[in-house]
Structure formats: structure tokens, C-alpha cells
1. Every residue in segment 67-112 that is at pLDDT 90 or above, in a loop (DSSP other than H, G, I, E, B) and touching a Leu at 6+ places or on another chain (Cβ under 7 Å), please.
2. Could you list all residues from segment 10-65 that are among the acidic types (Asp, Glu), touching a strand residue (DSSP E or B) at 6+ places or on another chain (Cβ under 9 Å) and closer than 29 Å to Thr76 by Cα?
3. Looking at segment 24-63, which of the residues that are of a type in the set (A, V, I, L, M, F, W, C) and assigned to a strand (DSSP E or B) is farthest from Asn88 (Cα to Cα)?
4. Give just the number: which of (1) surrounded by 15 or more Cβ atoms within 10 Å (Cβ to Cβ); (2) in contact with a helix residue (DSSP H, G or I) (Cβ under 8 Å, 6 or more places away or on another chain) does Asn94 not satisfy?
5. For Tyr64, state whether it is in contact with a Leu (Cβ under 6 Å, 6 or more places away or on another chain) and touching a residue at least 40 places away in the same chain (Cβ under 8 Å).
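The values are calculated or read from the model by the stated rules, or taken from the named source; none is laboratory data. This one's a predicted model, so the numbers in the text were calculated from it and none came from an experiment. Here Cβ is always computed from backbone atoms with ideal geometry, including for glycine, and neighbour counts include all displayed protein chains.
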Amino acid sequence: MAPYCSIHFRKAGQAKGYRRVTINDGIINDVFIPLKPLRQLEIISGEYNDVINEKVHVKNKDNYLHFKLKNMSHITDPMMSLKQIYPNTLALTNETFNYNEGNNAIEIRRKR
């Protein structure tokens, strides 16, 4: 079977596969055939320094990763640093800012 990867991180953790439908003498048979992707999608949340120092749990460094990190405003190019450790990093979100689509507003969290 060909390698398969989910397209959206929101589908991370869902079973991947296809349905095989056969019709014999008017009887319909429907079977789900699971696919095992070469790499999983993982969403990792935490502090930037913890991720760079490998203090967070990552199932496999070769998985496709989306990091949602805090406290990285002082870093010049955080994606480059992440890719040196986690080569298949696909997305990086700065969790210091929380964008609320419903109200089209940005909430800035203050450090206390």
C-alpha cells in the first residue's frame, strides 16, 4: 500500500483508511480497511524552552508535528531551531496570543 498521511492536524488521532463495498446477488457488504501511515500527526503544547531542551513527550521525532508554544517572543527563528531537533515540524503556533475567531478579537495574555 502507498504511504498515507492526514492532511489536517485537526484529524490527528482519527483512524485512517478506506471503505471496501462489494455487492453480490443484491447483498451489500461494507468493510473498513485501516491504513497505517508512515508518520503520525502530533500536536505538542508547552513552553518553547522545554521543547528545545527535549523535556516534553513526543511519541516519535520523525512524526509530523504541530507545536503550540508559549514564551518564544525572544527567539529570532524558532521554526529553524525546532526543525534541527524535529525535522518534520510542519506548523508552529505562538500560544502567547489567543485569536478568537468568533469575535474577531485578539486577547493578549499578560505575565503575572
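1. Result: Tyr86, Asn88.
2. Of all residues in segment 10-65, those among the acidic types (Asp, Glu) come to 25, 30, 42, 47, 50, 54, 62.
Still in the list and also touching a strand residue (DSSP E or B) at 6+ places or on another chain (Cβ under 9 Å): 30, 42, 47, 50.
Residues satisfying the conditions are Glu42, Glu47, Asp50.
3. Going through segment 24-63, the residues of a type in the set (A, V, I, L, M, F, W, C) turn out to be 27-28, 31-33, 35, 38, 41, 43-44, 51-52, 56, 58.
Next, only the ones that are assigned to a strand (DSSP E or B) stay: 27-28, 31-33, 41, 43-44.
Numbers: Ile27: 45, Ile28: 41, Val31: 33, Phe32: 29, Ile33: 27, Leu41: 10, Ile43: 12, Ile44: 13 Å.
Residue satisfying both the conditions and the ranking: Ile27.
4. Condition (2) is where Asn94 drops out.
5. Working: in contact with a Leu (Cβ under 6 Å, 6 or more places away or on another chain): yes; touching a residue at least 40 places away in the same chain (Cβ under 8 Å): yes.
Against the criterion (in contact with a Leu (Cβ under 6 Å, 6 or more places away or on another chain) and touching a residue at least 40 places away in the same chain (Cβ under 8 Å)), Tyr64 qualifies.
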